[in-house]
Structure formats: structure tokens, C-alpha cells
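This report refers to the structure that appears directly beneath it.
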Amino acid sequence: MSFHQNCSKKVIKRAQSGDKFALTQIYHCYKQPIFNLAFQMLRDEHRANDVLQTVMLKMIDSIVSLSDSNKLNGWMKRVCYNSIIDIIRANQRFDTVSDDVVFDYSAKESLSIINSDHWDLEYYLDVLDERERLVVWLYAVEGYSHKELSKKIGITEQNSRVIYSRAMRSLKQLVREQEVTNSRAGARNE
Amino acid sequence: MSEHTEQQLRSTLKSELSSSNIYQPSSEQDAIFQENLARLSNNGSTKTSRVKHPWYIAVMLLIVIGFAAIIGQNYIGTSQVSNSDISSNNEMSIPELIAASNHLEIEIANIESNHNNPLHHIEILKVREDIVELDKAINQLYQSGLTSPNDDIQALWHKRLELARYLKGLYTNQYVMARI
């Protein structure tokens, strides 16, 4: 579900003048991508709903300051990410990892796991913690570099790399758990 | 670590994550948004201005009348409205209609969890499908770039509330089965 919505300039202009119907139209355009992104990051419906309503309140409050209607998509996405980051930050600190920690993982091994039969995306996202999901998403889907990521979240670049490498190492956990499950199932069958 | 492999991992992750399950908010959130909007406008945070384009309204009216005719036709003579049920007269505002509709959905969800009468099962599925179609129509109308046809949206919400009430009736046997 993408943030590339086609709200007409006229609707945006009317929303900027406080037209409730236009504001509702914008809500309907963006409710799915916002909720979906928030749910993917937080894996919790209630908090995803909170993000949705928070973003919409910010939209109602600040759309008047949007200078270019072409920027609405990017603006909504940015507000959405910022709201998610605020919620994660309220729950846990981002910078709990020391800068001395070594970050290493095998990209080749990670790739082979993703391409294997063990791969289960939804389970993998459940295994990651919120920070890891956010970093992986911003890095892989949004194409941020670790430097840009560190500025966005307010952590050091090293910290961003460490969180990402942990997320990659969690892939191995998936394989191990699958193997344990399979071996138990095999033992039962015997 | 090879830069190429890292890029490959990144793009594989991107395609996997981009094609992950899509989650949607419940319709309850629509009512919450309307409440927030009404609260903010009461506080003077939003201004309302209405400019109507006759041709646009005419097109939308046709759509609404079409929907109302198709769906309404299916339920003529079916409703025996309980006095205790929520009234859905045309004077209700859109937020009130949304709130009433959501209230009924919550009641229906509660009934559904205890429902074990297979007699009305097919009828229930049909009504649920019609509600889904109405939801799609409402969303399309909101996203169509219309500027202010509140009456049309209101008519669709009104119809949705009627269907939700009918659905509840099927569960609670308050309606005569007379689907045409």
C-alpha cells in the first residue's frame, strides 16, 4: 500500500481552507497506507490506530502550511514515520547499543536464508523488535543510508549499523527455530 | 562484505517487504476521525467553505441513486424495525450515521461470536457483500475529488446503516424474510 495517492489540487486547496469534506477525502486517501505502515512497524493494532489518528490530527492542523500540493504524499509519509518513531522512542531508547559493538553479518548467508524454504516474512517481522523493524524498513524499502537513518532517528551511524546487523543475524534464529520444529515433528512421526 | 551482495540483499529485502501483507484500519477509525474533525472545527481550528459544481453533483447523484436503487431493491419490505434499534432518519449527520453504523457493527460482532443458526447464513453473506460494496462506493466517492456533495455521502452512509440494521435483524430474527 503506497503513499502515492492522487488527491487533486482542488481538494488539497479546499482542505487548506478548512473544508471538512475535503479533509475527510484526504483521510480516506491515506488511511490505509498510514495504518499499514504503522502496523508493519509496531505489530500492534491499537498503536497503529493511534498513529493513524495522530497523523490525521497533524494533517488537519498543519495542511494549511503545505506550500506545494505535489508534496502532500511525501509530507504525509514523513509525518507518519515521525509519529511511529515518537511512539517507539517513548517505549524504548534507540541508543542502547554501545558504539564499540562490532557489527557484522553475512549478506550472502542472509540472502540464502531469504531465498530458502525457511523464509517466512511475517514471522521474521514478529521476531524483530520495533527498532530493528524500523531500521530495516528505512534502509531496505525507503533506501536510506545509515548516515541518513542516524539523522532521521536521532542515533549514531554506528548504532544504526549495529541495529541492522542484529536484524540480519535474527534471520539465523528463524532457521534454527524451523530446524528445531522440523526435528521435533520428525521425532513425533517416528 | 561484498558491496554487490549487500545491494542484492537490500533489493531482495525491499521486494519482500513491499509485497508483505496489507493491513487495513477498521471502519471504527472513520468515526473517530469524524469526531476529531468535528471537535477541531468546533474549536475553530478549521474553516468551512462550500462551492458546488452542478455537473459534478449531478453525476454523483446519479451514482448514489443507482446504488440506492440496486441495493434498496433487494431489501424492500424486509425491515421490521425494532423500536429499541438505532433510528437512521435522514436528519442524522454523517458523523452520527457513521457512529450509529459502527455501533451496530460492534453489536453484530458480539452476536456473531454466539451465532449458531445456519438458516440465515446465505442471506447474511449476501448482506455482508452488499455492505462491502457500499463501503467501496463510499471510499470511491471520498477519493473521487468531489468538493462538497455531503448529501450523497450521507445517502450512502444512511443506506449502510440500514443494511447493518438489517444484518443485525437477521441474527436476532427481528426481520421477516421477504427478500425480493
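The selection criterion, being within 20 Å of the chain's Cα centre (by Cα) and over 26 Å from B:SER20 (Cα atoms), does not hold for A:ALA38. With respect to the conditions (1) away from chain B (no Cβ under 14 Å); (2) in a loop (DSSP other than H, G, I, E, B), A:HIS118 falls short on a single one, namely (1).
For region A:14-59, filtering for residues that are basic (Lys, Arg) and either more than 7 Å from every other protein chain (Cβ to nearest Cβ) or within 16 Å of A:LEU134 (Cβ to Cβ) (or both) leaves 3. What number of residues within region A:1-38 are buried (at least 23 other Cβ atoms within 10 Å of the Cβ), under 23 Å from A:LEU138 (Cα atoms) and in contact with a Phe, Trp or Tyr (Cβ under 6 Å, 6 or more places away or on another chain)? Adding up the residues that qualify gives 0.
Pairing residues of region B:19-30 that are at the interface with another protein chain (Cβ under 7 Å from one of its Cβ atoms) with residues that are exposed (fewer than 12 other Cβ atoms within 10 Å of the Cβ), at Cβ distances under 9 Å and at least 6 apart in sequence or on separate chains, gives B:SER20/A:GLU122; B:ASN21/A:GLU122. Selection of region B:31-47 for residues being within 7 Å of chain A (Cβ to nearest Cβ) and modelled with pLDDT under 80 yields B:SER41, B:SER45, B:THR46, B:LYS47.
For region B:15-41, a residue qualifies if it is out of contact with any helix residue (DSSP H, G or I) (no Cβ under 7 Å at 6 or more places or on another chain) and part of a loop (DSSP other than H, G, I, E, B), and the qualifying residues are B:SER19, B:SER26. Against the numbered list (1) at pLDDT below 90; (2) buried (at least 21 other Cβ atoms within 10 Å of the Cβ); (3) assigned to a helix (DSSP H, G or I), A:ILE155 comes up short only at (3). So for region A:7-25 (the condition being without any contact (Cβ under 8 Å) to a residue 12 or more places away in the chain and under 30 Å from B:GLU16 (Cα atoms)), does at least one residue qualify? Checked region A:7-25: no residue is without any contact (Cβ under 8 Å) to a residue 12 or more places away in the chain and under 30 Å from B:GLU16 (Cα atoms).
The values are calculated or read from the model by the stated rules, or taken from the named source; none is laboratory data. Just so it is clear, the model here is predicted, and its values are computed rather than measured. We place every Cβ from the backbone using ideal geometry, glycine too, and count neighbours over all the protein chains shown.
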